[in-house]
Amino acid sequence: MDTLTLVEVNDENKFVAKQLLTEYGRYLFDELNLMAGKKSFFMDLDKFPDSKYKSPNGAFFIIYKDEFPIGCAGLKRFDYNACELKRMYIIDKFRGKGFAKTVIKFLLDKAKLLGYKKNIA
């Protein structure tokens, strides 16, 4: 299996995450035709990353394969003991290769490091 690298979003790379999240939004709202949450999704994107995706509340990552950004994923606080996995997205040509399993394991390990006992997906 190919090796992935997950890099936490910071001020220097947040534009890459915003590009991926914009693609994710287009996928949700244009391709899948979801309507609920469209306005708030893009409003949240304007202020990304906010404190809900930063330690100690959560984290957000860019997924790289061979130094090429292929997706993103994050986790944020749900309640005191639980977090939820959010905004997991892999660009179309990299889907179906098993990368999601690697990303989910990484996020669950990060959740434990942040002290979460439960995860909501």
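The values are calculated or read from the model by the stated rules, or taken from the named source; none is laboratory data. Since we're looking at a predicted model, the values are computed, not measured. All Cβ positions, even for glycine, are placed from backbone atoms using ideal geometry, and neighbour counts span all protein chains on display.
For region 18-49, a tally of residues being surrounded by 14 or more Cβ atoms within 10 Å (Cβ to Cβ), farther than 16 Å from Ile90 by Cα and either without any contact (Cβ under 8 Å) to a residue 12 or more places away in the chain or in contact with a Pro (Cβ under 9 Å, 6 or more places away or on another chain) (or both) returns 1. Only a single criterion out of (1) under 22 Å from Val16 (Cβ atoms); (2) in a strand (DSSP E or B); (3) polar (S, T, N, Q) is not satisfied by Asn119, namely (1). Being at pLDDT 90 or above, acidic (Asp, Glu) and assigned to a helix (DSSP H, G or I) holds for only one residue in Glu84, Glu12, Glu23, and it is Glu23.
Scanning region 33-56 for residues that are of a type in the set (D, E, K, R) and assigned to a loop (DSSP other than H, G, I, E, B) yields Lys47, Asp50, Lys54.
Regarding region 57-75, can at least one residue be identified that is outside any strand (DSSP E or B), surrounded by 13 or more Cβ atoms within 10 Å (Cβ to Cβ) and among the aromatic types (Phe, Trp, Tyr)? Within region 57-75 (the criterion being outside any strand (DSSP E or B), surrounded by 13 or more Cβ atoms within 10 Å (Cβ to Cβ) and among the aromatic types (Phe, Trp, Tyr)), the answer is no, since none of the residues qualifies.
Do we have Asp92 as touching a strand residue (DSSP E or B) at 6+ places or on another chain (Cβ under 9 Å), modelled with pLDDT under 95, of a type in the set (Asp, Glu) and loosely packed, with under 15 Cβ neighbours inside 10 Å here? The answer is no for Asp92.
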